[in-house]
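*Asks:* Mind having a look at this structure? Questions to follow.
The values are calculated or read from the model by the stated rules, or taken from the named source; none is laboratory data. Quick caveat, the model's predicted, so the values are computed rather than measured. Reconstructed Cβ throughout: ideal geometry from the backbone, glycine too, with neighbour counts over all protein chains shown. We work out accessible area using only protein heavy atoms, side chains counted, and drop any ligands, DNA or RNA first. Shrake-Rupley method; radii C 1.70, N 1.55, O 1.52, S 1.80 Å.
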Amino acid sequence: MLSAVEEKRLQVSRNTGAQKKSQLGQFLTPASTATFMANLFPAGEGACHLLDAGAGIGSLSSAFLERWRDGGFHFQQVAVDAFEMDTTLTVHLAETLEKFNHQGNFSGNIVTKDFIHTAVDALLGNLFAKPLARYTHAILNPPYKKINSHSAHRLALRRVGIETVNLYSAFVALAVALAAPGGHIVAIIPRSFCNGPYYLPFREFLLERVALHHLHLFASRNTAFKDDEVLQENIIIHLERGGTQGPVQVSTSTDDSFADLVTHEHPFEHIVHPQDLGRFIHIPTTPAQGSIDLPPSISTTLEDLGLKVSTGPVVDFRLKEHLRDMPEPDSVPLLYPAHLSCSGTTWPVEGMKKANAIVYNADTAKWLYPTGFYCVVRRFSSKEEKRRIVASVIEPT
């Protein structure tokens, strides 16, 4: 049955324009990934109430129900609440769920309302809100889209103590909030929540409420949703509401075929360092010692060492009139990632699409750095280079 759903997914993906996909921020889950996610849940027993928010055509629900039908789950009955607002997809979603409706121990419910507002109203117990179950399971491929700080979604989320900047993290936080004690959540989401200040409130919200059981990392950024040509570093997470935190399973695969799947177990303190106020989530890809395991004597910050970090103050399109393709007598070097490589720094580079220099004058002086020694880090690599971070030294000469 999942193959039929997969065939429908490919058809829908081909017939959906890139603009609409970007507007909705939703990309349908390939069958192989859906099956892998469904298999992360424990076997379970009794009654299951499954949440699939941003359900699309039902690929994730179908994988979950397939495992149940094949005996991989021991539930006596299963109910599914599938949230999907795109009416072009709900027709296919209904067909997917209907295929499991031949037995009296299954019920599928499609909700076409906004998941965020519906969940917030239910959590607050609003008088006219539709009550939602405390879900025993949730399987999610949520939409990826930024939330404006003054939007209705952002304001609604704050009412239930959720502060976050993207729809995907909002969906996961709400799924956790709606989960019953011991409820399991499996989601495929961007890796961006693992670090940085913007997602700190979201990380704190999660780590206060769940045990982190499994992290899966795709080695290639363009394979998790390759049919939609998405260049995004995605991970799969398995959480348990109110669970006991133990070692974390960390698995990796090159792509969504999972043909070279490798799994290692790591102590939780190697994933989230006990002394880290930023609550960064580290994903070690080998059992070897990593930087998180350095001796306690290495405890200084960059500020302690007299070092500063900057993303670079020059915004080229705002200073366009001052840019020069090649150096001129009144200009100074302007550096881009194309100037940096593992072997060192090359400047200028003839024929480069970006400028090599910027004029030094009263309008640009405040954006420029004094001559000196700098370590410049290229944070993104092209064409899936082996090294994702490249550091180069800029010398005064």
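*Asks:* What distance in nm separates the two pseudo spin-label positions at Ala362 and Thr285, each 7 Å out from Cα along the beta-carbon direction?
*Replies:* 5.1 nm
*Asks:* For each pair in Lys320/Lys366; Lys145/Lys308; Lys308/Lys353; Lys146/Lys354, compute the distance between the two Cα atoms and list the pairs where it is over 23 Å.
*Replies:* From Lys320/Lys366; Lys145/Lys308; Lys308/Lys353; Lys146/Lys354, over 23 Å: Lys145/Lys308; Lys308/Lys353; Lys146/Lys354.
*Asks:* Moving on. Suppose the chain between Arg159 and Leu277 were pulled fully straight at 0.36 nm per residue; how much longer would it get relative to their current alpha carbon spacing?
*Replies:* The Arg159-Leu277 span can extend by a further 40.0 nm.
*Asks:* Something else: Which value in nm describes the separation of the simple spin-label points at Asn148 and Asp260, placed 7 Å from the Cα toward the beta carbon?
*Replies:* Label-label distance for Asn148 and Asp260, simple model: 4.4 nm.
*Asks:* So, one more: With bins 5 Å wide starting at 0, give me the P(r) of the range 49-106 over every alpha carbon pair, in whole percents.
*Replies:* Whole-percent P(r) values from 0 Å outward: 4, 20, 32, 25, 13, 5, 1.
*Asks:* If I ignore ligands, DNA and RNA and count only protein heavy atoms, how much of Ile110 is accessible to a 1.4 Å probe, in Å² to the nearest 10?
*Replies:* 50 Å²
*Asks:* Then there's this: With the full set of protein chains in place, find how many percent of the accessible area of the range 122-268 is carbon and sulfur; take the probe as 1.4 Å.
*Replies:* Within the range 122-268, the accessible surface is 54 percent carbon and sulfur.
*Asks:* Summing +1 for each Lys or Arg and -1 for each Asp or Glu, what net charge is found among the other residues whose Cβ lies under 14 Å from the Cβ of Ala362?
*Replies:* Once all neighbours under 14 Å are counted, the net charge is -2.
*Asks:* Round to the nearest 10 and report in Å² the accessible area of Lys99, as given by a 1.4 Å probe over the protein chains' heavy atoms.
*Replies:* 90 Å²
*Asks:* Please state the shape class of the chain: rounded when a/c is under 1.5, otherwise prolate if a/b exceeds b/c and oblate if not, all from the C-alpha gyration tensor.
*Replies:* Taking the square roots of the gyration eigenvalues as a ≥ b ≥ c, the chain is prolate.
*Asks:* Nearest 0.05, what FRET efficiency do Glu7 and Val91 give at R0 = 22 Å with Cβ-Cβ as r?
*Replies:* Computed FRET efficiency for Glu7 and Val91: 0.90.
*Asks:* Quick check: Cα centre of the range 126-148 to Cα centre of the range 314-357, how many Å?
*Replies:* So the separation of the two Cα centres works out to 47 Å.
*Asks:* First compute the accessible area of the range 50-120 with a 1.4 Å probe, then give the percent of it belonging to carbon and sulfur atoms.
*Replies:* Carbon with sulfur: 48 percent of the solvent-accessible area.
*Asks:* At 7 Å along the Cα-to-beta-carbon direction for both Met326 and Tyr198, put a label point, then send me their distance in nm to one decimal.
*Replies:* 3.9 nm
*Asks:* What whole-number value in cubic angstrom gives the convex hull volume per residue for the C-alpha atoms of the range 298-372?
*Replies:* About 131 Å³ per residue, rounded to a whole number.
*Asks:* Could you give the accessible area per residue of the range 12-163, probe 1.4 Å, as a whole number in Å²?
*Replies:* Per residue, the range 12-163 has 45 Å² of solvent-accessible surface.
*Asks:* For the chain, modelled as a Gaussian network with Cα springs under 10 Å, which listed residue fluctuates most, Gly242, Gly312, Gly56?
*Replies:* Gly312
*Asks:* If we count every other residue with Cβ under 12 angstrom of Gly372's Cβ, Lys/Arg +1 and Asp/Glu -1, where does the sum land?
*Replies:* 0
*Asks:* A further question on this structure: Which of Pro247, Pro287, Pro327 ends up with the largest GNM mean-square fluctuation for the chain, with Cα atoms connected below 10 Å?
*Replies:* Pro327
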